[in-house]
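Everything below concerns the one structure shown next.
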Amino acid sequence: MAARNETSATRLDDAARAGWLYYVAGNTQEEIASKMGISRQSAQRLVSLSVSEGLIKVRLDHPIGHCLDLAERLRTRYALDHCEVVPSDPGSSSTIIGIAEAGAAELERCLRSPDPVIIAIGTGRTLKAAIEQLQPMDCPHHTVVSLTGNIAPDGSAAFYNVIFNVADTVKARSFPMPLPVIASSAKERAMLHTQPMIASTLDLAARANITFVGIGHLGPDAPLLLDGFISETEHKALQKAGAVGEICGWVFDAEGRLIEGQTNDRVASAPIPSRENGRVIALAMGPAKAAAIRAALTRRLANGIITDEQTAELLLA
């Protein structure tokens with residue numbers, strides 16, 4: 001067993017070296033093979049492994065004309081303060097890699113600010129993928145605060161809550177929200193929000209300079225339903241009330257209006273920070289989310305969006 005671990009570690013070392021030689025030093029695969037004393041096929045496999053294992057992260061720095069055009073049209077249509085459109089993968093309608101990379105790059109730009117910044121973070125699969133793409137940084141002068149509770153219905157840590165991942169990667173001061181995502185009752189939520197520690201965190205979230213959130217849909221495979229935060233009965237009731245999407249658990253209809261009553265009475269998340277005093281950037285894509293994204297942008301629940309070409313076309317249709 002020990003020998004296999006050593007072999008695996010050595011192979012990752014070789015993959016990291018091959019990836020560096022190819023993507024950073026600009027060597028061809030033939031040159032890598034010669035320098036490492038391996039075959040060209042082995043060099044090719046090691047370069048591929050360096051990417052698949054996350055040892056090398058590749059970002060596109062050249063803006064594609066069509067993406068720029070879509071972004072400008074979206075910015076005009078929805079009066080956005082921030083808009084970025086990344087290429088779509090013709091072979092996949094579900095990959096979030098491009099959006100995750102763009103989201104990470106935007107977050108890194110904020111973190112490079114020499115002035116202290118309050119960054120609020122929501123939750124979701126796409127946002128989690130973006131956080132995983134962050135480069136390690138040392139930012140003790142910045143503050144990162146979670147908008148959502150980090151406790152799942154069964155008492156475990158909520159899987160897509162990313163506040164600790166951010167704090168560990170960028171070494172910023174972090175403020176988690178030690179609450180359930182959705183409380184058992186409106187009375188329980190009110191009681192939890194009056195606790196001094198929670199009240200101060202909510203106040204901090206309200207003063208965020210920039211916010212990053214995901215957008216969930218309320219279709220048959222709604223994240224809130226699949227992750228167990230709402231029941232089948234609650235899901236059907238929300239659909240009947242016209243719900244199409246949610247941000248940090250806050251459910252809204254096709255015009256972006258928060259649904260009165262129902263689960264919104266029990267959401268323990270902080271309110272979405274002010275869009276007048278800062279940017280609220282949503283990372284979201286896909287036909288299933290198009291109605292939810294359109295509603296959120298129309299009502300300015302978010303005043304920024306990072307999405308892909310296919311989704312941008314749907315939002316402009």
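Summary of computed values
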| read-out | value |
| --- | --- |
| Qualifying positions in the stretch 207-223 - in contact (Cβ under 8 Å) with a residue 40 or more places away in the chain, buried (at least 22 other Cβ atoms within 10 Å of the Cβ) and under 22 Å from residue 286 (Cβ atoms) | 211, 212, 213, 214, 215, 216, 217, 218 |
| Residue within the stretch 133-151 that is charged (D, E, K, R), assigned by TED's automatic domain parsing to the domain that holds residue 205 and within 18 Å of residue 304 (Cα to Cα) present | no |
| Lone qualifier among 170, 181 - being touching a Phe, Trp or Tyr at 6+ places or on another chain (Cβ under 6 Å) and surrounded by 22 or more Cβ atoms within 10 Å (Cβ to Cβ) | 181 |
| Residue within the stretch 101-117 that is at pLDDT 95 or above, in a loop (DSSP other than H, G, I, E, B) and on the phi > 0 side of the Ramachandran plot present | no |
| Qualifying residue in the stretch 78-87 (condition: over 20 Å from the mean Cα position of the chain (by Cα) and at pLDDT 90 or above) | yes |
| Any pair with Cβ under 8 angstrom, 6 or more apart, that starts in the stretch 273-284 at a residue that is in the same structural domain as residue 216 (by TED's automatic domain parsing) and of a type in the set (Ser, Thr, Tyr) and ends at one that is at pLDDT 90 or above and assigned to a loop (DSSP other than H, G, I, E, B) | none |
| Residue match in the stretch 190-202 (condition: over 24 Å from residue 119 (Cα atoms) and in the same structural domain as residue 283 (by TED's automatic domain parsing)) | yes |
| Members of the stretch 12-70 found to be modelled with pLDDT of 85 or more, over 22 Å from residue 84 (Cβ atoms), exposed (fewer than 14 other Cβ atoms within 10 Å of the Cβ) and among the aliphatic types (A, V, I, L, M), listed by number | none |
| The stretch 226-258 - residue that is in a loop (DSSP other than H, G, I, E, B), modelled with pLDDT of 95 or more and not charged (D, E, K, R) and, of those, surrounded by the most Cβ atoms within 10 Å (Cβ to Cβ) | 256 |
| Members of the stretch 287-304 that are surrounded by fewer than 24 Cβ atoms within 10 Å (Cβ to Cβ) and in contact with a helix residue (DSSP H, G or I) (Cβ under 6 Å, 6 or more places away or on another chain) | 290, 294 |
| Meets criteria (under 30 Å from residue 184 (Cα atoms), modelled with pLDDT of 95 or more and buried (at least 21 other Cβ atoms within 10 Å of the Cβ)) for residue 312 | no |
| Residue 215 within 15 Å of the chain's Cα centre (by Cα), at pLDDT 90 or above and under 22 Å from residue 274 (Cα atoms) | yes |
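The values are calculated or read from the model by the stated rules, or taken from the named source; none is laboratory data. Computed from a predicted structure; not experimentally measured. All Cβ positions, even for glycine, are placed from backbone atoms using ideal geometry, and neighbour counts span all protein chains on display.
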